[in-house]
Every structure is written in structure tokens, then in C-alpha cells.
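Student: Attaching a single structure in C-alpha cells format; questions to follow.
The values are calculated or read from the model by the stated rules, or taken from the named source; none is laboratory data. All of these numbers come straight from a predicted model, not from anything done at the bench. Here the Cβ positions follow ideal geometry from the backbone for every residue, glycine too, while neighbour counts run over all protein chains shown. Heavy atoms of the whole protein, side chains included, go into the accessibility calculation; ligands, DNA and RNA do not. Shrake-Rupley method; radii C 1.70, N 1.55, O 1.52, S 1.80 Å.
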Amino acid sequence: MTRSKKNFVDIFFLSISAIASLSVLLLIIGILYVLISESSPAIEKFGVWRFISSTDWNPVKGSFGAATTLFGTAITTVLSILIAVPVAIGIAIFVTEIAPSFLKGPIGAAIELLAAIPSIIYGMWGLFTLAPIMSNYIEPALQKSFGRLPFVGMLFEGTPMGIDLLTASVILSIMIIPFTASISRDAFNLTPTVTKESAYALGATKWEVVKNVVIPYSKLGVFGGIVLSLGRALGETMAVAFVLGNNHQITASLFDAAATITVTLANEFTEADSDIYLSSLFYLALILFVMSFVVLAIAKFFILKTEKGIK
């Protein structure tokens, strides 16, 4: 191959790579531009604070506020993280430190398979299988056990229907367990073998090695994985839409239906019959975009910090 032909191939390759990379930035800028442009009528009418603090979502009167959807998004996300993180870290510890070699492969493949299941299947399973189990067994048991306790009891008031905040949080937690478990497993695997063997040589038990060596060494990576899962929980739509109920209210009970930003967008975009209604939905989407961007930036920060610490 002549020198001029080599130069042409290099320039062509560099151009294709640069165009592919820049297209990502252009896509993000384009999405942000559309969201800001389409939501500008709602921003001008309601402002920022009034929109995010108002609980009024009334399409008939043309009055819109995001407080109820922000509440639903925050509660389902936090609850799902609280349920998923201990299970996911337990899975990662078992796979990396406890399981025999012949079990590590199948369990790892099962985790990746769980992550590959489409969210609509989770939603259908949640509606037809999990919701009846929650309403008939789990929620009545929780109500019987904790319903009479002061303060805590208000979380379990009402009639268990299975279409509520708790069921949606359980579905979300099942969906994010594979992400947290996979990243935690990779973070645990980065712990130097010589460090763990030194701890064993000093007489440490497996629990002590995990608690005092593995987790402290990989905590930033695990935290980054948790924050990434938080981003997934924030943006999940279909599975939650099946079991949440899309009821715009702020409630203390986990047995009540509620609404999240994603569920509201999925259910109401086709019903938006006025410009301000449509603009308010775009405003919700813009808020979700900013929240997801901040969460992913935090996750990236901790993951990069972990990698620098290793180097």
C-alpha cells in the first residue's frame, strides 16, 4: 500500500470516528433544545419554583404542578434502592468471595439475563402475578404487623390493592438489582488478591476480609454502581406504569396509588389537548432529563475516582 493511500485510509477512519463521537453530543444538545423549546410556554406561565412545588395537576383548568410526580418518583426510587442494594451487594459478595468456581459462571449469566429482560415483561409480571401476591399476602401482613405502630403505621394505612407505591418499588428494585450486582461484582474483583491473602494469613475470617478489605477497597465503585442504578430507577417507565396507578397525589401510605414523571408522560401525552398541557408534559421531561444527567455525572465521578485510586 502506497503512502498516499495509507494517509487516505487514516483520514477516512479518523473522520468516521470523529463524526460518530460528535453525533452523540449533537444528539444530547438536540434533545435538550427540543425539551427547552417545547416547555418554554409552561416555564413562562408557571416558573420553576411554582411548577415544582404545586400539587395541582388539573388538565381541565389548565393548571399544572410537578410536586406530585416528583414525590412519586422520589419515593419509588428511594424505596427500590433500599430494597435492591443489600440484595445486590449480597449477590456480588457471594459470587466473588464465597461461591465455588462452578457456580460463579451460571450465577453471573443469570444476573446478566435478568438485566436483559424488557421492562414491559416486568410490568406484565408485576400486574398479573406480583400485584395479587402483594394485595393478598404481603401488604395485609405488613399492615397487621406495623399498622398500629405510632408514626410508622401511617405508611401502611388504607386497603391493600397491589397497585400502589410499594408494589412499584418492588418491581423497580428487581429491575435494578442486576446493574448494582454486576458493577459491585466488578468492583470487588478489583481488590488485589495479595491484599486479601495477607488478611487471611493474619487469621482473618472470610467475613472479616469482606468487611475490612474488600468493601473498603471497592466502596467508591460500589457507590458509583448504586448511583447508576438510581438513574435507571428514575427513568423507568413501562414496568412502573402497570402497577402504580397514575394518581396525582402526595400520600403518606405506601398502599396508595401515585404517579411518577415517566408514568405521567407515558399515560398523558396522547391525551394532551391544549398547548399548555403539552408544554407542561415537556417541562416534566426536561426536569427528568436534568435529574438523570446529575445522577449519571455523580456516578461517573465516583467511578473515575475509583479508577484513579487503583492506578
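Student: How much length is gained on full extension from Leu26 to Thr205, taking 0.36 nm per residue of separation minus their Cα-Cα distance?
Tutor: Numbers: separation 179, 0.36 × 179 = 64.44 nm, distance 5.24 nm.
Extra length from Leu26 to Thr205 when fully extended: 59.2 nm.
Student: With a 1.4 Å probe and every protein chain left in place, tell me how much accessible area Leu288 has, in Å² to the nearest 10.
Tutor: Counting only protein heavy atoms, the figure is 20 Å².
Student: Over region 10-160, what portion of Cα pair distances is larger than 24 Å, expressed as a whole percent? Mind showing how you got there, number by number?
Tutor: Details: 7556 of 11325 pairs.
That tail contains 67 percent of the Cα-Cα pairs.
Student: If you average the C-alpha positions of region 210-272 and of region 84-161 separately, how far apart do those two centres end up, in angstrom?
Tutor: Computed from Cα coordinates, the inter-centre distance equals 14 Å.
Student: Right, here's the next one. Calculated FRET efficiency, Glu112 and Asn58, Cβ-Cβ r, R0 41 Å, to nearest 0.05?
Tutor: Working from the Cβ atoms, E equals 0.40.
Student: For region 1-95, compute the orientation-averaged projected area of the C-alpha convex hull (one quarter of its surface), in nm².
Tutor: That works out to 13.1 nm², a quarter of the Cα hull's surface.
Student: Roll a 1.4 angstrom probe over the protein heavy atoms and tell me the percent of accessible area of the chain that is carbon or sulfur.
Tutor: Accessible surface attributable to carbon and sulfur in the chain totals 70 percent.
Student: Which of Phe102, Ile11, Thr55 sits farthest toward the positive end of the charge dipole of region 1-134, with +1 on the Cβ of Lys and Arg and -1 on the Cβ of Asp and Glu?
Tutor: Ile11
Student: Ok, one more. Find the accessible area per residue for region 224-311; the probe is 1.4 Å, ligands and nucleic acids are left out, and the unit is Å². Please report the intermediate quantities before stating the final value.
Tutor: On the way: 3840 Å² over 88 residues.
That works out to 44 Å² per residue.
Student: About the Cα centre of the chain, how large is the charge dipole given +1 on each Lys and Arg Cβ and -1 on each Asp and Glu Cβ? Please answer in debye to the nearest 20.
Tutor: Values: 19 positive and 19 negative charges, 264 e Å.
That gives a dipole near 1260 debye.
Student: How large is the Kirkwood hydrodynamic radius of region 113-250, counting all unique pairs of alpha carbons, in Å?
Tutor: 17.6
Student: Express in % the proportion of alpha carbon pairs of region 142-183 at distances exceeding 11 Å.
Tutor: Percentage above 11 Å: 70.
Student: Please report the net charge: other residues with Cβ closer than 11 Å to the Cβ of Leu254, K and R +1, D and E -1.
Tutor: -4
Student: Give me the one-decimal Kirkwood hydrodynamic radius in Å for region 186-270, with the sum taken over alpha-carbon pairs. Don't skip to the answer; put the middle values down first.
Tutor: Details: mean 1/r = 0.0613 Å⁻¹.
After inverting the pairwise mean of 1/r, the radius is 16.3 Å.
Student: With label points built 7 Å along Cα→Cβ from the Cα atoms of Glu44 and Ala272, find their separation and express it in nm.
Tutor: Taking the two extended label points, one gets 1.6 nm.
Student: Rank Ala239, Met134, Ile174 by how far each Cα sits towards the positive end of the charge dipole of the chain (+1 on Lys, Arg Cβ; -1 on Asp, Glu Cβ) and give me just the farthest.
Tutor: Highest projection toward the positive end goes to Ile174.
Student: Thr195 versus Ala18, label points 7 Å from Cα toward the beta carbon: distance in nm?
Tutor: Computed distance between label sites Thr195 and Ala18 equals 4.1 nm.
Student: In what sequence, largest accessible area first, do Glu208, Glu97 appear using a 1.4 Å probe?
Tutor: Most to least solvent-accessible, the answer reads Glu208, Glu97.
Student: What accessible area per residue comes out for region 99-198, rounded to a whole number of Å², with a 1.4 Å probe?
Tutor: 53
Student: Can you give me the Kirkwood hydrodynamic radius for the chain, using every pair of distinct Cα atoms, in Å to one decimal?
Tutor: 22.3
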